[in-house]
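A.B. asks: The structure under discussion is supplied below as structure tokens; questions concerning it will follow.
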Amino acid sequence: MVGDEAAIRVAVVDDHPVFRLGMTALLASTPGLEVVGEAADADEAVRVADLTRPQVIIMDLHLGGGRSGVEATREIVGRHPGIGVLVVTMLDDDDSVFAALRAGARGYLLKGAAPGEVDRAVRAVANGEVLLGPVVASRAIGFLAGGRASGPAPFPELTDREREVLDLVAQGLSNLVIARRLTLSPKTVRNHLSNVLGKLQVADRSQAIRRAREAGLGQP
């Protein structure tokens with residue numbers, strides 16, 4: 001490293017203080033890396049990105065404050081395309097992986113990755129590369145190999161009709177408009193939506209919309 005200017009600027013976003021502090025300490029002790037900010041929720045993450053302009057943000061997906069790491073990633077990348085987001089999370093399900101990548105994340109590691117893996121991933125993402133941890137990479141390879149050529153079906157617990165209703169809800173359509181479009185009664189649409197809320201274990205329509213959009217639904 002030639003002076004502090006050569007250091008890769010990194011911010012850490014995680015709502016668990018112990019993990020956040022541990023990751024910060026690891027990065028700060030790694031030659032060539034400089035920690036310039038921390039955040040515990042999505043809104044704070046956006047502020048840190050605005051103020052410090054890190055080259056890489058390490059992002060958890062479960063955050064406090066009502067907004068997820070996927071939403072934070074989408075907003076940060078939209079505002080600052082040059083910032084590389086490296087997801088480090090416990091979540092290894094298809095919905096989480098592909099939602100994060102669609103939101104603009106350049107890397108995806110699972111918590112428990114060795115320090116050397118984190119170091120390599122940070123440097124790769126800072127260099128504009130995409131780096132996936134072994135488990136995530138195996139999922140991506142299977143997807144690209146054509147085993148799931150149409151992509152993972154979001155929310156497999158839903159029926160096709162329930163997923164169709166959720167997609168239209170995520171587009172911002174009212175129950176009445178959805179009923180007309182699908183040639184259903186408004187009561188039937190309400191019943192489908194009630195089933196969706198129960199199966200996704202969300203409290204209301206707005207939470208269902210957020211989950212749907214994170215999974216890629218709701219595109220007009």
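A.B. asks: Label points 7 Å out from Cα along the Cβ direction at S29 and E164: separation in nm?
C.D. replies: Spacing of the two 7 Å Cα→Cβ label points: 5.7 nm.
A.B. asks: Among V88, V165, V118, which one shows the highest mean-square fluctuation when the chain is modelled as a Gaussian network with alpha-carbon springs under 10 Å?
C.D. replies: It is V165.
A.B. asks: If you don't mind, there's one more thing I want to ask. Distance in nm between label sites at E157 and V130, each 7 Å beyond Cα in the beta-carbon direction?
C.D. replies: Calculated label separation equals 2.9 nm.
A.B. asks: State in Å² the accessible area per residue of segment 1-131; use a 1.4 Å probe, count heavy atoms of protein chains only, and round to the nearest integer.
C.D. replies: Accessible area per residue: 44 Å².
A.B. asks: Lys/Arg Cβ at +1, Asp/Glu Cβ at -1, dipole of segment 171-220 taken about the Cα centre: which of T183, I209, S194 is farthest positive-ward?
C.D. replies: Towards the positive end, the residue furthest out is T183.
A.B. asks: Could you order S138, S68 by accessible surface area, starting with the largest, using a probe radius of 1.4 Å?
C.D. replies: If we order S138, S68 from most to least accessible, we get S138, S68.
A.B. asks: Taking the Cβ of Q219 as the centre, find all other residues whose Cβ is under 15 Å away and add up their charges (Lys, Arg: +1; Asp, Glu: -1).
C.D. replies: Once all neighbours under 15 Å are counted, the net charge is +3.
A.B. asks: Using a ≥ b ≥ c from the Cα gyration tensor of segment 82-142 (square roots of the eigenvalues), is it rounded, prolate or oblate, where a/c under 1.5 gives rounded and otherwise the larger of a/b and b/c decides, a/b for prolate?
C.D. replies: It is oblate, given that a/c is not under 1.5 and a/b is not larger than b/c.
A.B. asks: Between beta-carbons, use under 12 Å as the cut-off and find the net charge around E117, counting Lys and Arg +1, Asp and Glu -1. List each step's numbers first, then the result.
C.D. replies: Values: positive: K111, R120, R123; negative: D119.
Charge balance in the 12 Å sphere: +2.
A.B. asks: Which net charge results for the neighbourhood of D60, defined as the other residues with beta-carbon distances under 14 angstrom from its beta-carbon, given Lys and Arg at +1 and Asp and Glu at -1?
C.D. replies: -4
A.B. asks: Something else: In deg cm²/dmol, rounded to 500, what helix-only [θ] at 222 nm does the chain give when every DSSP H run of at least 4 residues adds -39500 (n - 2.57) and the total is split over its residues?
C.D. replies: -15500 deg cm²/dmol
A.B. asks: Lys/Arg Cβ at +1, Asp/Glu Cβ at -1, dipole of the chain taken about the Cα centre: which of V165, L33, A126 is farthest positive-ward?
C.D. replies: Farthest towards the positive pole: V165.
A.B. asks: Of the heavy-atom accessible surface of segment 1-145 (probe 1.4 angstrom), what whole percent is carbon and sulfur?
C.D. replies: 58
The values are calculated or read from the model by the stated rules, or taken from the named source; none is laboratory data. Bear in mind the structure is a predicted one, so any value in this text is a computation, not a measurement. Glycine also receives a Cβ, built like all others from the backbone with ideal geometry; neighbour counts cover every protein chain displayed. Keep in mind that these areas ignore ligands, DNA and RNA; they rest on the heavy atoms of the full protein, side chains included. Shrake-Rupley method; radii C 1.70, N 1.55, O 1.52, S 1.80 Å.
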